[in-house]
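To start, the structure under review is shown below, and the notes come after it.
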Amino acid sequence: MKNPLAATVLLTFALGVRATYLPALTNGQTKVARVPMKQIAGEEVVQVSINGTGPYNFILDTGSNVTIIRSELIRKLNLSGGSPVPIVTATAETSGQRMIIESMAVAGLAVEHLEINALDRVPVLNGHVQGILGENFLKNFDILIDNEQQTLFIDRTSSLEGTVAGERLSFSRSGSFDHKPTPDRIVVELKVPSFIGKPLLFLVDSGINTATLYPPPGGQALRALQSSQDVSVSDLTGRRDCQIQKAAFEIGGDTFRGLELVACEDLTRNKMDTDGLLPTRVFHRFFISHRGGYVIANPRSLEKLGDPFAQLGRDK
């Protein structure tokens, strides 16, 4: 079955500082790691290793359900044996190769026999960024994205869960496209009262920094954003003109006001597997428990645990 969102829409807005790296060790093995996120061309990037080589810069993207690698890097690593696969986005289809790599790791935390898609031409990837780190890798860990420190905490145990507190919002692991489920998604329920009063299903997406709305077809995008401004959006196939305005989001028991919301006339719900995208970058911190099936927006830090986890949220 074709995957309608092998790589989701990536919006290009800037944000970024640098952070230090600090692995946490348990019984001689890396269990929790602190990884710097750096900004490259407006994207949040972490370093990964592939089959023991690297490091390579990859966009951190919970909104992509598959990991994507530039074909040029695949050839450099002498990887072969892939099969052709269509990569379908909201507006177009491109071709790539699906293959299995032996391992991919972030700060020593590895996933073996990982399926990846290799693409020749991806506008958001360039000589400095070699791929997109997607949910089929990230789902194996709990992660804490600390945007204030520009740091990713990645946990293969349940250790991070004990360091944060806040309202736990359950998420679905699939979207819905053409009445079929799409796997490896993080979909939460929220409301955007200025658009519609009923709950909407938004995809949690660390690969963008502006919320995106996918309205029903028929011009409702423009009508929903009456006092909007023009903005340019890029995805796997290029750029398009959209509109942006400030909106309030009701997420769980909290209301987040003044968040930027983008809508494009040609990006409508019938072409996507959710009602929109919720960027993790608009929050100070964002915790995703893949094991527990929940997220916490702007979690509070608990420092009651002993070494090594009490220091996870602090600089050296």
### Message
With polar (S, T, N, Q) and under 19 Å from residue 172 (Cα atoms) as the only criterion, which of 268, 274, 255 stands out?
### Response
274
### Message
Take the conditions within 24 Å of residue 295 (Cβ to Cβ) and either under 23 Å from the mean Cα position of the chain (by Cα) or modelled with pLDDT of 75 or more (or both) and apply them to residue 231. Does it pass?
### Response
no
#### Entry: strands (runs of 3 or more DSSP E) wholly inside the range 9-108 containing at least 2 residues that are closer than 20 Å to residue 135 by Cα, modelled with pLDDT of 60 or more and touching a Ser or Thr at 6+ places or on another chain (Cβ under 7 Å)
29-36, 53-60, 83-88, 93-106
### Task
With respect to residue 158, determine if the residue is small (Gly, Ala, Ser) and either touching a residue at least 40 places away in the same chain (Cβ under 8 Å) or buried (at least 19 other Cβ atoms within 10 Å of the Cβ) (or both).
yes
#### Entry: Enumeration of residues in the range 180-202 that are more than 16 Å from the chain's Cα centre (by Cα) and assigned to a loop (DSSP other than H, G, I, E, B)
193, 194, 195
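The values are calculated or read from the model by the stated rules, or taken from the named source; none is laboratory data. Everything quoted here is computed from the prediction, not taken from an experiment. Quick reminder, even Gly has a Cβ in these numbers, built from the backbone with ideal geometry, and neighbours come from all protein chains shown.
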